[in-house]
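A short write-up of the structure that comes next.
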Amino acid sequence: MKAIRIYKEKQQLTDHLLRLSLNDRYLRFCSTLSDEAIAKYVDRIDLRSTEGEAVFAIFDDNKQIVGMCHIAPYYDDPAGAEMALSVDEDFRKKGVGDLLFSRGVLHCESLGIKKVYMNCLSTNAPIQKLAKRSGMSV
């Protein structure tokens, strides 16, 4: 299993995010986004960015995205970026989140980004646990 940067799989990204339950959408976006809002979110992602925005994904045997990491640099702070993760329910607790997180951090380090932010709800224990394991402040 490896996390690879994707450049053209917008429909697969949308499909992955639409598979998230309402509770998982709430945890991922801090809001229960509608299907239309998710499609608009994916449409705004610049998969071919040379400015640091990137999406890394893990695929299953059927070439379906089962986990993704989105990096979005803060354009007003070149030393900072936001990272967000999502993993299909059937692939949780199998190292997918850790692998995506590590790949996202590596991407940020390669760009000289020193501060990585992850917004999460106080009820999102898995992301908080992952952040603490990685040495982030929560």
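The values are calculated or read from the model by the stated rules, or taken from the named source; none is laboratory data. The structure presented is a predicted model; accordingly, all values stated were derived computationally and were not measured. When we count neighbours, we look across all protein chains shown, and the Cβ atoms used for this are built from the backbone with ideal geometry, even at glycine. Just so you know, the surface numbers come from the protein's heavy atoms only, side chains and all, with ligands and any DNA or RNA stripped out. Shrake-Rupley method; radii C 1.70, N 1.55, O 1.52, S 1.80 Å.
Out of the stretch 57-81, which residues are touching an Asp or Glu at 6+ places or on another chain (Cβ under 8 Å), within 17 Å of Arg19 (Cα to Cα) and free of Cβ contacts under 8 Å to residues at least 24 places away in the same chain? Across the stretch 57-81, there are no qualifying residues. Ala84 satisfies every condition listed in (1) touching an Asp or Glu at 6+ places or on another chain (Cβ under 8 Å); (2) within 23 Å of Lys115 (Cα to Cα) except (1).
For the stretch 17-43, residues that are assigned to a helix (DSSP H, G or I) and out of contact with any helix residue (DSSP H, G or I) (no Cβ under 9 Å at 6 or more places or on another chain) total 5. Taking the numbered list (1) modelled with pLDDT of 95 or more; (2) open to solvent by less than 60 Å² (accessible area, probe 1.4 Å) in turn, Ile6 passes all entries but (1).
In the stretch 88-131, of all residues being among the hydroxyl-bearing types (Ser, Thr, Tyr) and under 18 Å from Lys2 (Cβ atoms), the one that is most open to solvent (accessible area, probe 1.4 Å) corresponds to Ser110. Checking each residue in the stretch 44-85 for being in contact with a Lys or Arg (Cβ under 7 Å, 6 or more places away or on another chain) and loosely packed, with under 12 Cβ neighbours inside 10 Å picks out no residue at all. Just a yes or no: is a residue in the stretch 63-72 in contact with a strand residue (DSSP E or B) (Cβ under 6 Å, 6 or more places away or on another chain) and over 18 Å from Arg5 (Cα atoms)? Within the stretch 63-72, none of the residues are in contact with a strand residue (DSSP E or B) (Cβ under 6 Å, 6 or more places away or on another chain) and over 18 Å from Arg5 (Cα atoms).
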